[in-house]
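Structure record follows, encoded as structure tokens.
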4 protein chains.
Amino acid sequence: MAVGSLTRKHPARLAKRSSPRGCDLPQIAVVGLGYWGPNLVRNFHAQPGCRLKTCCDVDARRLDAVHADYPAIGLCADAGEILADPQITAVVIATPVATHFPLAKAALLAGKSVLIEKPLTANVAQAEELVALADERGLTLMVDHTFIYSPAVARIKQLVDSGELGELLFIDSVRINLGLIQPDVNVVWDLAPHDLSIVDHLLGRLPRSVSAFGAAHAGRGQEDVAYLNLDFGDGLIANFHVNWLSPVKLRYTRLGGSRKSVVYNDLETAEKIKVYDSGVDVRGDDPDSRRQRLVDYRTGDVWSPHLSREEPLARVAEQFIECLTRGVRPPSDGQAGLRIVRVLDAAQRSLRARGARVEL
Amino acid sequence: MAVGSLTRKHPARLAKRSSPRGCDLPQIAVVGLGYWGPNLVRNFHAQPGCRLKTCCDVDARRLDAVHADYPAIGLCADAGEILADPQITAVVIATPVATHFPLAKAALLAGKSVLIEKPLTANVAQAEELVALADERGLTLMVDHTFIYSPAVARIKQLVDSGELGELLFIDSVRINLGLIQPDVNVVWDLAPHDLSIVDHLLGRLPRSVSAFGAAHAGRGQEDVAYLNLDFGDGLIANFHVNWLSPVKLRYTRLGGSRKSVVYNDLETAEKIKVYDSGVDVRGDDPDSRRQRLVDYRTGDVWSPHLSREEPLARVAEQFIECLTRGVRPPSDGQAGLRIVRVLDAAQRSLRARGARVEL
Amino acid sequence: MAVGSLTRKHPARLAKRSSPRGCDLPQIAVVGLGYWGPNLVRNFHAQPGCRLKTCCDVDARRLDAVHADYPAIGLCADAGEILADPQITAVVIATPVATHFPLAKAALLAGKSVLIEKPLTANVAQAEELVALADERGLTLMVDHTFIYSPAVARIKQLVDSGELGELLFIDSVRINLGLIQPDVNVVWDLAPHDLSIVDHLLGRLPRSVSAFGAAHAGRGQEDVAYLNLDFGDGLIANFHVNWLSPVKLRYTRLGGSRKSVVYNDLETAEKIKVYDSGVDVRGDDPDSRRQRLVDYRTGDVWSPHLSREEPLARVAEQFIECLTRGVRPPSDGQAGLRIVRVLDAAQRSLRARGARVEL
Amino acid sequence: MAVGSLTRKHPARLAKRSSPRGCDLPQIAVVGLGYWGPNLVRNFHAQPGCRLKTCCDVDARRLDAVHADYPAIGLCADAGEILADPQITAVVIATPVATHFPLAKAALLAGKSVLIEKPLTANVAQAEELVALADERGLTLMVDHTFIYSPAVARIKQLVDSGELGELLFIDSVRINLGLIQPDVNVVWDLAPHDLSIVDHLLGRLPRSVSAFGAAHAGRGQEDVAYLNLDFGDGLIANFHVNWLSPVKLRYTRLGGSRKSVVYNDLETAEKIKVYDSGVDVRGDDPDSRRQRLVDYRTGDVWSPHLSREEPLARVAEQFIECLTRGVRPPSDGQAGLRIVRVLDAAQRSLRARGARVEL
């Protein structure tokens, strides 16, 4: 076998290697290596535009697992070490929700930008405080609303913005799975942020009111099945079904428009998005047309646009780095995180009030 | 080709032919030949145990269509002729909802038993009056809750009654389609009776309270998209999504149990029912078990019991004839129809109150 | 309820009724009321352009069943009565394959046009004789290649003819089911005519050679599982899988083109046809591009054109009537039937020769 | 956040760490880092029972990519360095097929055991020589027939061996994809080894004869679409469809048995295996039973056994290490690899002879 030169490198890695200590690259730390953390570590480690310097977790086995895969990354069990490290300019927080606020606040006060897992915080006041703090200090506060960085949601946004769907009539989302029952939050705070951030990104506005209905089994007082009803006014309603107890895993978002409709099946590999060129033609009750309308209930073509295979979390990492280096504001900034928390908080109050509608 | 005898008949037809005028068989009339009526005509015509004597509709084209297929069936445009016919002992009513009550009342007063399309009536008072009237007169009042006569729902009821599912935790139903927008009722009154009658049949009890949330497009003031939330107490909740505007046709009922779960996909030909032998094991938050629980979210086998291909409406017809001839009481009697109307009425009030919970 | 006039009729029925004895309409007979016959009876009875005068079968129960649904249709157990009836100008033959030839020949000799079930005959010589006979007598000889009259195949033919698919590279068909094991033919003669007639219709030419491979279980010496390999030259090959023993029912036809590909799933109600705008770009073996090509194996949009719900067999009936009344030649004429039989005969010889290739 | 001890380790890693140079663990090298190589690197690196010492490839970028993820692994561009390294006792070969033989032979001659990508070699003579050489030297020669180490195939083997399927009647496999067109082999040599190794593992015997039919597009003279017909005698036949040009990715294996049938859909995450409790009951041609058999074509339950999520390649690595440390013989030993190459060679000859049957 011919000997190939080992000196050739592709630009990306070249850039990285050219600064062995990465002094000219933002240095980042990841706090929290539970379920999602390792994905953040993998993606930030793969980003040429930054250096992942340190990982932190109280569980030694998790640190050990990171070390086995990435020996060059520093480890610590105390987030204080990260906050005290002047080289680290940004912290990625993937800890339990209850700890988001204290950690993020400490990081911002230490002059570090923050990327934080959804939901931004456990309540509205905390979110408002973080947003204000980041603005004061001129630091980036970004929330990891992963889905809005997916090629699928980006494509749907194009369809919505272009008016191709016509007037939006309803949004129906199903996010159910035999999933991880979180110790500290209910299924609404765990799963609904995905749907809320997608809809917030597509519509760019909050619902006027929300009601929520659910049930808590497994005797923890935390809902593991819930339904959210959102009213956006102008006849647009949304319903989200979030469920930790379903043996079948489903991730659907359906947008019904006056001209076309979209079904987004996130579990589909080949045809994640389908656009239905069909609608309801409200004719009189001529019996024949009525019968025909029922039988021929699909009046148009179906089209599934090609999507890139890009990993959304890679885009999140790129976006965060771009915020750090160019000072741009991300689509999922603190304000977006705050909007989501406001709706979650309203939904929580509705749950407690047995589904009473809560205005926003 | 050999000549085969034309005299041999199978028993069923034999019985029928032996009484050319069918004097000894209950004689039946069908009123209303719109979308569903022709299916009733086809099924009652095929029943050896009765004679379908007359069909009635105001639309001559519909009568003409019946005549083309069944020349032996009498036709009329005025239901009064049927009520005046002493030979006709039972009337099948498949007219618009608003006409159910006057027609059914007149039929009962004329001493005729009644099979009526769902929903039984347009309000509770009407339903109560019909139930009382039928009981007084000792006549059969049956509602065509077709689905409860399907092999699929019968099989699910066995699973529920046997305790194989454990404790029921949630019921989630989706019944959406680019469907016929009814002129006189909204999507709740049109589609939810299917889901309500299925759940009523499976549980044998009313929900404690209901809330409903929907939107009316096409400027008719009638909801064409709606969600019902039902609270059955003991942690059991149900949610129904009914929708006339979906380009995709879906008919799902999911029952989540503490031991097993069932998914009933009515549009599936081969595997309408799937039983999932899986559940949630609420372990501590040991990080590894947590990760594993997420990854291995399906912990048991899936089993799809074989179902007969019997047409549910044929069973409805058989059941009604059995009521007429043997005086048995059908599972979907007037009381069942009344229970469904009570929930529909409560849902209607909740819709008007923007989703406020209504106790039953 | 208002009285509606019974005099109004739609044009179609008007035409029919205006000639109570239908003297001016071609009078037709159906011979053979087994599995497919009743579908032919239903469709020809529904056609305004003809009168279905007589049905024939040796099995009295089948005649009885037709009588119950269509009392106006005459019945007989001896096809001779039909051939002797001067009013009947066309015969529809749906009997076992072995009887196609004698019945069709007798009908043509009696001066009657013929629509015959696929396959046209049990061997090539018989098919050639029928084709010649029909031409001599100037009678219509049409084969019921139902699928080529379906909206799906019509749409695919447009795609092929328009060149939108580019050069055809392969055709792959799967037609498997836990199906009726025919008493007198093997699975190739029973199911492959569907695929052969579809491909013959799309390409308009015979394959150059065919090989067939199968197995006979249930000790009848008749193959119940078989594979046909067709070589059309110019790099176009086709493979058909026909199977009576599959617990899963599948009806797929896949056409791979140099520009686009089509998948036709006949069991799909909503999206029978999918057009894939993707192809293989044969780049060098640059490792990165190779990896990317594997990962991103779907490079284009998917499009599912809307299709009408028309029943193919209704189109077959219309087409046959048009042949009778206007003397047009149908796409599935005797010549098409003969082409299919030639391939079936070659496949049969290949089966006997353990898959040896047979030139056509 | 509390400080956690960094000294605790789980046993696996402990074992590994306790021998920093891993002297007591077999030391392994991976040659070839193209498409599959990196998966082998990941899995062997994760195995506690061995030490992945060196990776080799002529492409510096691939070495660089491995270095970025696993800095501790040695790199080289010349396989000779590995063969000369006395610490390395086993070589994993994932290079193009043409190089399998020279590399594996050199490794065996150097006294190193070998795990080699499928297919074992490019022809029968080479495979026979490697098998003989490994036996002489008492070294392990294992082929990476990944699928036979999957939970799905293991479960199917249980079903076959237990006799639950009854007598096997047919095996039908579809492995199609818009896939990587290999530079040096055709689609048969690239994809069919998967199906052949699965069937060889399930049946434990070679087919008696094989015929193959395909077409080469993209003007390379290498088939990119092909069909293999295998005859196992006793009425058991198998057909494999392998295709690089399909826009739809499919990976099906269907086993039809006299009692039950299995469908294995490798792309399905939740229900990879379905067992159909149905079969064909060859009754006489009583018309009614015939009609019923057609309509009710599914006569039994469907059952999908739960499968573990274990990665098959991890099992391959474990198995290879077990061979190295305990001297066991793997299911996919050189003999198995040789059997597969024999069938591939026969298929190749059949392709050249336009599908002529080749005895084995």
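Which parts of the stretch A:200-230, residue by residue, lose 50 Å² or more of accessible area when the rest of the protein chains are there, as against the chain isolated (1.4 Å probe)?
Listed in order, they are A:Phe213, A:His217, A:Tyr227, A:Asn229.
Mind scanning A:Lys53/A:Lys249; B:Lys249/C:Lys260; A:Lys157/B:Lys272; D:Lys53/D:Lys249; A:Lys274/C:Lys272; B:Lys112/B:Lys157 and naming the pairs with a C-alpha gap bigger than 26 Å?
Those over the limit are A:Lys53/A:Lys249; B:Lys249/C:Lys260; A:Lys157/B:Lys272; D:Lys53/D:Lys249; B:Lys112/B:Lys157.
Could you provide, to the nearest whole Å², the per residue accessible area of the protein assembly as shown with probe 1.4 Å?
36 Å²
What do you get when you divide the Cα radius of gyration of the stretch B:3-146 by 2.2 N^0.38 Å, with N the number of residues?
1.10
Picking from A:Pro193, A:Pro305, A:Pro151, which is most flexible by a Gaussian network model of chain A using Cα springs under 10 Å?
A:Pro305
Please check chain D for the longest run free of GluC sites (Glu not before Pro) that are loop-located per DSSP (anything but H, G, I, E, B) and have at most 14 other Cβ atoms within 10 Å. Show your work: numbers first, answer last.
Values: sites that count: D:Glu164, D:Glu167, D:Glu310.
With GluC sites (Glu not before Pro) excluded where exposed in loops, chain D gives D:1-163 as its longest stretch.
Please report, for C:Ala270, the nm distances (one decimal) from its label point, 7 Å out from Cα along the beta-carbon direction, to the equivalent points in the remaining copies, shortest first.
In ascending order, 1.6, 1.6, 1.9 nm.
What fraction, in whole percent, of alpha-carbon pairs in chain B exceed 39 Å separation?
Beyond 39 Å sits 22 percent of the P(r) for chain B.
At 7 Å along the Cα-to-beta-carbon direction for both C:Val58 and B:Ser162, put a label point, then send me their distance in nm to one decimal.
Placing both labels 7 Å beyond Cα along the Cβ direction yields 4.6 nm.
Determine which aspartates and glutamates satisfy two conditions relative to B:Lys118: a Cα distance under 13 Å, and not lying fewer than 8 residues away in the same chain.
B:Asp144, B:Asp190, B:Asp195, B:Asp333
How much length is gained on full extension from A:Ala98 to A:Ala314, taking 0.36 nm per residue of separation minus their Cα-Cα distance?
75.2 nm
Might you report the magnitude of the Cβ-based charge dipole of the protein assembly as shown about its Cα centre, with Lys and Arg at +1 and Asp and Glu at -1, to the nearest 20 debye?
Computed charge dipole of the protein assembly as shown: roughly 20 debye.
If eta is 0.890 mPa s and T is 25 °C, what Stokes-Einstein diffusion coefficient results for the stretch A:158-205, Kirkwood Rh from Cα pairs, in µm²/s? Don't skip to the answer; put the middle values down first.
On the way: Rh = 12.8 Å.
Result for D is 192 µm²/s.
With +1 on each Lys and Arg Cβ and -1 on each Asp and Glu Cβ, how big is the dipole of the stretch D:3-146 about its Cα centre, in debye rounded to the nearest 20?
That gives the stretch D:3-146 a dipole magnitude of about 860 debye.
How much accessible area is lost when chains D and C come together, counting both sides, with a 1.4 Å probe, in Å² rounded to the nearest 100?
In total, chains D and C hide about 5500 Å² from solvent.
What is the protein assembly as shown by shape, rounded, prolate or oblate, if you read a ≥ b ≥ c off the alpha carbon gyration tensor as root eigenvalues and call it rounded for a/c under 1.5, prolate for a/b larger than b/c, and oblate otherwise?
Because a/c hits 1.5 or more and a/b fails to exceed b/c, the protein assembly as shown counts as oblate.
Assuming a ≥ b ≥ c are the square roots of the Cα gyration tensor eigenvalues, decide whether the stretch B:81-237 counts as rounded (a/c under 1.5), prolate (otherwise, with a/b larger than b/c) or oblate. Walk me through the intermediate numbers first.
Values: a/c = 2.16, a/b = 1.36, b/c = 1.59.
Oblate.
Please report, for D:Arg309, the nm distances (one decimal) from its label point, 7 Å out from Cα along the beta-carbon direction, to the equivalent points in the remaining copies, shortest first.
In nanometres, ordered from closest: 2.1, 4.0, 4.2.
Can you name the chain D residue with its Cβ nearest the rotation axis from D to B, and give the distance in Å as a whole number?
Of all Cβ atoms in D, the one closest to the rotation axis yields D:Trp303, 3.
Using a Debye calculation, one point per C-alpha and no hydration shell, please list log10 I(q)/I(0) for the stretch D:193-235 at q = 0.22, 0.28, 0.30 Å⁻¹ in order.
Treating every Cα as an identical point scatterer, log10 I(q)/I(0) equals -0.79, -1.00, -1.06.
Would you please classify the overall shape of the stretch D:41-89 from the alpha carbon gyration tensor, given that a ≥ b ≥ c denote the square roots of the eigenvalues, rounded means a/c under 1.5, and beyond that prolate means a/b larger than b/c while oblate covers the rest?
oblate
With the label 7 angstrom out along Cα to Cβ, how close does A:Asp161 come to the same site in each of the other copies, in nm, nearest first?
Its label point is 4.2, 5.8, 5.9 nm from the equivalent points in the other copies.
Using every alpha carbon pair in the stretch A:142-229, what percent of pairs falls into each 10 Å bin from 0 up to the bin containing the largest distance?
Bins of 10 Å from zero give 14, 43, 31, 11, 2 percent of pairs.
Do any trypsin sites (Lys or Arg not before Pro) in the stretch B:120-205 lie in a loop, going by DSSP, with at most 15 other beta-carbon atoms within 10 Å of their beta carbon, and if so which? Please list the in-between numbers first.
Details: sites: B:Arg137, B:Arg155, B:Lys157, B:Arg175, B:Arg205; in loops: B:Arg205.
In loop regions of the stretch B:120-205 (DSSP not H, G, I, E or B), the sparsely surrounded trypsin sites (Lys or Arg not before Pro) are B:Arg205.
Gap in Å between the Cα centre of the stretch C:314-360 and the Cα centre of the stretch C:77-94?
So the separation of the two Cα centres works out to 23 Å.
The values are calculated or read from the model by the stated rules, or taken from the named source; none is laboratory data. Please read all numbers here as calculations on a predicted model, not as lab measurements. Here the Cβ is made from the backbone with ideal geometry for all residues, glycine too, and neighbour counts use every protein chain on show. All accessible areas refer to the heavy atoms of the entire protein, side chains included, with ligands and DNA or RNA removed. Shrake-Rupley method; radii C 1.70, N 1.55, O 1.52, S 1.80 Å.
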